[in-house]
Amino acid sequence: MPDLEMPCVQCKDVFLFTEKEQQIFYQRNMPPPQRCLRCRSKKAVSGENAPTRFEMVCDNCGRHDHVPFQPKVGRSVLCKDCFQASKSRLRVA
């Protein structure tokens, strides 16, 4: 199977459907993709199965951010940067 050049139905760019991807799609009994990788990624993020994100304000720095869980009243919530910093402090101690 040679690599195929296919037009994306969304952005109209031509993308390469490689031989390796073709084998994976065939093994999984899936039809060939109609969208390029970039458009497939955008569709996956905005689709119905996309994880719900909740807006929050970091208790440490006050930055607005989004988290994949519903923040609970009375429990501190940290932005991604403050959370990573607190994890690294715990490892050092």
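Just so you know, all these numbers are worked out from the coordinates, no wet-lab data involved. Keep in mind the model is a prediction, meaning the values are calculated, not measured.
Descriptive notes on the structure:
- Helix-derived mean residue ellipticity, 222 nm - over the chain, DSSP H n ≥ 4, -39500 (n - 2.57), to 500: -10500 deg cm²/dmol
- The phi-based Karplus calculation (6.51 cos²θ - 1.76 cosθ + 1.60; θ = phi - 60°) puts the 3J(HN,Hα) values of the stretch 8-23 at 6, 6, 9, 9, 6, 6, 8, 10, 9, 9, 5, 4, 5, 4, 4, 5 Hz, whole numbers, x for Gly and Pro.
- Projected area, mean over directions - the stretch 4-46, Cα convex hull, nm²: 3.0
- Taken one residue at a time, the phi angles of the stretch 25-31 give Karplus couplings (6.51, -1.76, 1.60, θ = phi - 60°) of 4, 5, 4, 8, 6, 10, x Hz. Gly and Pro are set to x.
- log10 of Debye I(q)/I(0), alpha-carbon scatterers only, for the chain at 0.11, 0.22, 0.23, 0.25 Å⁻¹: -0.60, -1.07, -1.15, -1.27
- Length-normalised contact order for the chain - Cα pairs under 8 Å, 6+ apart - percent: 17
- 28 Å Cα-Cα threshold exceeded, pairs from Lys43/Lys80; Lys43/Lys87; Lys20/Lys42; Lys20/Lys87: Lys43/Lys87; Lys20/Lys87
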